[in-house]
Amino acid sequence: MLEILLKTLPFFALIGLGYGAGRTRFFTEEATAYLTKFVFYFALSAMLFRFSANLSIGEIFDARLAAAYLWGTAFVYGIATGVAFWRGMRVEVAAIEAQCAAIGNTGFLGVPMLALLLGEAAVGPIILVLSIDLIVFSSLLVILVTGSRDGRMSLGVLRTVGIGLLKNPMIVAIVAGLAVSAAALPIPAVANEFLTILGNAATPGALFAIGASLASKSAERLSVSGWLSFCKLVLHPALVAAGAYLFFRVDPYDAAVIVSAAALPVAGNVFILAQHYGVAPQRVSAAILISTAASILTVSAVIAVVAV
């Protein structure tokens with residue numbers, strides 16, 4: 001545990017550095033927004049494209065691995081939704097809370113950190129997790145929120161989901177990289193070096209941006225946000241582990257990767273969606289803040305348990 005904690009501390013120290021820069025206003029919210037945009041559209045996309053271009057679809061997609069992650073994630077999604085309905089929440093609020101409970105910061109934190117901690121072989125399962133989160137559960141959120149407000153499903157909702165996926169640079173980078181791999185197209189040395197340099201900026205840039213963005217978030221509604229953080233940091237990895245080790249019996253190394261990914265704190269893009277739709281943004285903000293702070297210990301503990 002201590003050894004893993006010491007390995008994860010530099011990553012969280014970068015988040016802390018960004019948080020300090022944001023709290024002191026040395027890094028303004030506008031500066032954070034532009035840094036996040038650079039990481040999202042350029043650095044992280046370059047990293048994902050280069051990873052994907054060196055993998056085949058078979059190295060990323062494993063039916064049992066996907067089923068195990070989907071099972072565990074859908075389970076915790078259902079638990080959070082059920083509790084929200086029990087508290088009398090509307091459909092759109094329940095959907096946002098379920099998103100907090102089930103969707104981790106795989107893009108900005110998981111890809112750079114887990115690839116370094118668990119090795120290059122972890123990239124395939126991480127990309128699978130990221131793809132499921134974006135394609136399945138982010139789409140589900142849009143469908144539930146928009147459908148509940150319209151009172152019915154429509155082609156317009158599906159069009160919104162499709163356009164959102166096509167505009168997501170992480171999805172575009174993964175698909176483009178896999179297309180290059182499938183076509184066996186060689187990447188020129190100069191282009192590969194360019195992608196490497198740009199992709200290397202993703203790790204420090206993403207972690208610093210996470211911290212700086214946390215500085216503008218508040219810790220309101222601690223009881224609900226604490227419950228959602230518990231779902232994300234404890235229930236989600238536990239349920240994914242049950243699916244991976246007990247029910248679908250996936251490869252132990254791959255299982256360790258997806259369980260570690262499930263242990264990540266609430267994703268920042270959940271707040272973006274909550275703010276966009278005007279659904280409980282302060283609650284989501286608090287869940288991100290609490291889960292990220294607590295994950296310094298919980299993520300290290302989960303990795304220490306599974307990565308043996």
Handout entry: Filter result (modelled with pLDDT of 90 or more and either in contact with a Leu (Cβ under 7 Å, 6 or more places away or on another chain) or among the aliphatic types (A, V, I, L, M) (or both)) within region 23-38
Key = A31, L35
Completion exercise
Requiring at least 1 residues that are hydroxyl-bearing (S, T, Y), under 17 Å from Y77 (Cα atoms) and in contact with a Pro (Cβ under 7 Å, 6 or more places away or on another chain), the helices (runs of 4 or more DSSP H) wholly within region 190-308 are 281-306
Fill in the blank from the handout: Residue pairs within 6 Å by beta carbon, gap of at least six or interchain, first lying in region 64-92 and in contact (Cβ under 8 Å) with a residue 12 or more places away in the chain and over 16 Å from A256 (Cα atoms), second surrounded by fewer than 17 Cβ atoms within 10 Å (Cβ to Cβ) and not β-branched (V, I, T), listed first then second, are V91/S148; E92/S148
Completion exercise
If we keep only residues of region 129-155 that are of a type in the set (D, E, K, R) and not in a loop (DSSP other than H, G, I, E, B), then the residue modelled with the highest pLDDT is D133
Exercise for the section: Please identify the pairs in which a residue from region 176-193 that is within 14 Å of F49 (Cβ to Cβ) has its Cβ atom under 6 Å from the Cβ atom of a residue that is of a type in the set (S, T, Y) and surrounded by fewer than 14 Cβ atoms within 10 Å (Cβ to Cβ), counting only partners at least 6 apart or on another chain. Expected result: S181/S56
Handout entry: I126 vs. criteria modelled with pLDDT under 90 and buried (at least 22 other Cβ atoms within 10 Å of the Cβ)
Key = no
Practice task
Inspect region 262-275 for any residue being farther than 21 Å from I296 by Cα, touching a residue at least 24 places away in the same chain (Cβ under 8 Å) and of a type outside the set (V, I, T) and give the result as yes or no.
Solution key: yes
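Within region 63-122, take every residue that is part of a helix (DSSP H, G or I) and of a type in the set (S, T, N, Q) and give me the one that is surrounded by the fewest Cβ atoms within 10 Å (Cβ to Cβ).
That would be T81.
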Practice task
Can you give me the number of residues within region 180-215 that are of a type outside the set (V, I, T) and loosely packed, with under 13 Cβ neighbours inside 10 Å?
Solution key: 9
Handout entry: Conditions (1) touching an Asp or Glu at 6+ places or on another chain (Cβ under 9 Å); (2) more than 27 Å from V136 (Cα to Cα); number of the one not met by I103
Key = (2)
Practice task
Mind telling me which of the residues L48, L5, L17 ends up being of a type in the set (A, V, I, L, M, F, W, C), assigned to a helix (DSSP H, G or I), out of contact with any Pro (no Cβ under 6 Å at 6 or more places or on another chain) and surrounded by 21 or more Cβ atoms within 10 Å (Cβ to Cβ)?
Solution key: L48
Practice task
Look at region 250-308 and say how many of its residues are among the β-branched types (V, I, T) and more than 22 Å from Y69 (Cα to Cα).
Solution key: 5
Problem - Residue match in region 158-165 (condition: within 21 Å of K37 (Cα to Cα), at pLDDT 85 or above and within 21 Å of the chain's Cα centre (by Cα)) - result: no
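The values are calculated or read from the model by the stated rules, or taken from the named source; none is laboratory data. Keep in mind that this is a model prediction, so the values were computed, not measured. Using ideal geometry, Cβ is built from the backbone for each residue, glycine included, and neighbour counts are taken over all protein chains shown.
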